[in-house]
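A.B. asks: Shown below is the structure under consideration.
The values are calculated or read from the model by the stated rules, or taken from the named source; none is laboratory data. As the structure is a prediction and not an experimental result, all values here were calculated from the model. Positions of Cβ are backbone-derived with ideal geometry, glycine not excepted, and every protein chain shown enters the neighbour counts.
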Amino acid sequence: MVAPRDGHPAVPEGARDADVAEVAGLLAGSGGYFAVASHHNPDGDALGSMLAMHRALVAAGHDSVMCHPDPDAVLPEFAFMFRDGETVGHNPPADAARRTLVAVDCASAQRLFDIPGAPHEPFASLINIDHHHDNTRYGDVNLVAPTASSAAEVVFQVIEAAGWPVTEDLATPLYVGLVTDTGRFGYSNTGEEAHRVAAALIRAGLDVHEVSRQLYERQPLGRMLLAARALQGMRSVAGGRLRLAVLGPDDYEAAGSDDSEGIVELMRSIEGTVAAGLARRQASGWYRVSLRSTTDALDVSAIAREEGGGGHKAAAGFSTQRGIDDLMAWMERRVMDQLDGPGGRG
């Protein structure tokens, strides 16, 4: 086990980076107590990595629970991965003090639990497994692989290094993480290792067609209607290089849904687009913003970090209280600063 922290600072004293073999060694054996969590507003990689790590720990003889900062963490499109009786608790478990928290696919402690002090303070110790290049190394032990396609890829490597069998139970959630974070193996983060892992998961019994059907062939009508409204109201600036859209209560009511999953990716796919931004108004009055880029020349995570968010160079997000006109103008300036240089407007 990782030694408990003294005082539980946000970035623990003595925090260290580790490789796959060291983390596998810390998790090996049996009889340990773990909790597995991921970030606010989870995506397929967050949920898939969390579920696979939890199942692997249980299969290895550990006592493991899943917990999450969101009260309803399991989104409907990912519910098929979970078995009856597999629950994700809201916030840390009551016995957190004896458990090591394994955080997966989470770039900063601020995206974990919304509790006083350090978000991971209740736990005995913390292992941070991630692939975001801007990860803040908030764990006692940090395994951060920025060249990996997904957290699922890194979790697979840990399981493999621990000598644990990769079963069909693990293959399905790991593949969900892999296929969603690589855009069905189409994004620039897709490397040789991503395909090696996918092949191993298929050998383990993964039903690729069934996962594809669950993820991509069961789109709710409300989501499609909301996408139509986003596209209809979309603004194109900078000669069409930047596409921006806003969704709010009127749109949600008209579509009969506030499910905006995949809309910003659809905007990014429009010919000539270099960057896409989708701002969704929340009941609190805040805007939740998703950013995407199509070129290595534009790092949208750098833009998101200015507002307390983060992510990847090509996909990032943040929440803001900026008014919509200010927000749109600010996003345009930040994108153009990177593409054309400060003050440039190509």
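A.B. asks: Just to be sure I understand, how many residues within region 251-260 are at pLDDT below 95 and either hydrophobic (A, V, I, L, M, F, W, C) or over 15 Å from PRO220 (Cβ atoms) (or both)?
C.D. replies: Summing the residues that are at pLDDT below 95 and either hydrophobic (A, V, I, L, M, F, W, C) or over 15 Å from PRO220 (Cβ atoms) (or both) in region 251-260 gives 0.
Let's see how each residue does on (1) among the charged types (D, E, K, R); (2) surrounded by fewer than 17 Cβ atoms within 10 Å (Cβ to Cβ):
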| residue | (1), (2) |
| --- | --- |
| GLY48 | no, no |
| ALA59 | no, yes |
| MET66 | no, no |
| PRO69 | no, no |
| LEU75 | no, yes |
| PHE78 | no, no |
| ARG83 | yes, yes |
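A.B. asks: Need the failing condition index for LEU231 against (1) within 30 Å of GLY341 (Cα to Cα); (2) part of a helix (DSSP H, G or I); (3) outside the structural domain of ALA315 (by TED's automatic domain parsing), just the number.
C.D. replies: Every listed condition holds for LEU231 apart from (3).
A.B. asks: On the given criteria, is ASP140 crowded, with 24+ Cβ neighbours inside 10 Å, of a type outside the set (Ser, Thr, Tyr) and more than 19 Å from the chain's Cα centre (by Cα)?
C.D. replies: On the way: crowded, with 24+ Cβ neighbours inside 10 Å: yes; of a type outside the set (Ser, Thr, Tyr): yes; more than 19 Å from the chain's Cα centre (by Cα): yes.
When the stated conditions are applied, ASP140 passes them.
A.B. asks: For GLU168, work out the one condition from (1) buried (at least 21 other Cβ atoms within 10 Å of the Cβ); (2) of a type outside the set (Phe, Trp, Tyr); (3) in contact with a Leu (Cβ under 9 Å, 6 or more places away or on another chain) it doesn't fulfil.
C.D. replies: (1)
A.B. asks: Would you mind stating whether GLY239 is touching a residue at least 60 places away in the same chain (Cβ under 8 Å) and either on the phi > 0 side of the Ramachandran plot or not in a loop (DSSP other than H, G, I, E, B) (or both)?
C.D. replies: In short, yes.
A.B. asks: Just for region 230-272: of the residues that are in contact with a helix residue (DSSP H, G or I) (Cβ under 7 Å, 6 or more places away or on another chain) and among the β-branched types (Val, Ile, Thr), which one is surrounded by the most Cβ atoms within 10 Å (Cβ to Cβ)?
C.D. replies: ILE263
A.B. asks: Turning to a different aspect of this structure: Does GLY277 meet the test of being closer than 26 Å to SER108 by Cβ and either at pLDDT below 95 or of a type in the set (Phe, Trp, Tyr) (or both)?
C.D. replies: On the way: closer than 26 Å to SER108 by Cβ: yes; either at pLDDT below 95 or of a type in the set (Phe, Trp, Tyr) (or both): no.
Taking the combined requirement at face value, the residue does not satisfy it.
A.B. asks: Looking at MET50 and the list (1) within 21 Å of the chain's Cα centre (by Cα); (2) closer than 19 Å to GLU160 by Cα; (3) without any contact (Cβ under 8 Å) to a residue 12 or more places away in the chain, which single condition is not satisfied?
C.D. replies: So the condition that MET50 fails would be (3).
A.B. asks: Criterion first (within 23 Å of ALA315 (Cβ to Cβ) and without any contact (Cβ under 8 Å) to a residue 60 or more places away in the chain) does ASP84 satisfy it?
C.D. replies: On the way: within 23 Å of ALA315 (Cβ to Cβ): no; without any contact (Cβ under 8 Å) to a residue 60 or more places away in the chain: yes.
The answer is no for ASP84.
A.B. asks: If you don't mind, there's one more thing I want to ask. Could you check, for region 157-174, whether at least one of its residues is within 25 Å of SER301 (Cα to Cα), in the same structural domain as LEU27 (by TED's automatic domain parsing) and more than 14 Å from the chain's Cα centre (by Cα)?
C.D. replies: No, there is no match, as no residue in region 157-174 is within 25 Å of SER301 (Cα to Cα), in the same structural domain as LEU27 (by TED's automatic domain parsing) and more than 14 Å from the chain's Cα centre (by Cα).
A.B. asks: State yes or no: is GLY183 modelled with pLDDT under 95 and either in a strand (DSSP E or B) or more than 21 Å from VAL300 (Cβ to Cβ) (or both)?
C.D. replies: Values: modelled with pLDDT under 95: yes; either in a strand (DSSP E or B) or more than 21 Å from VAL300 (Cβ to Cβ) (or both): no.
No: the conditions fail for GLY183.
A.B. asks: hydroxyl-bearing (Ser, Thr, Tyr), closer than 23 Å to GLY186 by Cα and part of a helix (DSSP H, G or I): which single residue out of SER301, SER290, SER260 fits that description?
C.D. replies: Result: SER301 is the single residue among SER301, SER290, SER260 that is hydroxyl-bearing (Ser, Thr, Tyr), closer than 23 Å to GLY186 by Cα and part of a helix (DSSP H, G or I).
A.B. asks: Okay, moving on. Just for region 189-222: of the residues that are acidic (Asp, Glu) and without any contact (Cβ under 8 Å) to a residue 12 or more places away in the chain, which one is surrounded by the most Cβ atoms within 10 Å (Cβ to Cβ)?
C.D. replies: Residue satisfying both the conditions and the ranking: GLU210.
A.B. asks: Of all residues in region 304-346, count the ones that are in contact with a Gly (Cβ under 7 Å, 6 or more places away or on another chain) and part of a helix (DSSP H, G or I).
C.D. replies: Count: 5.
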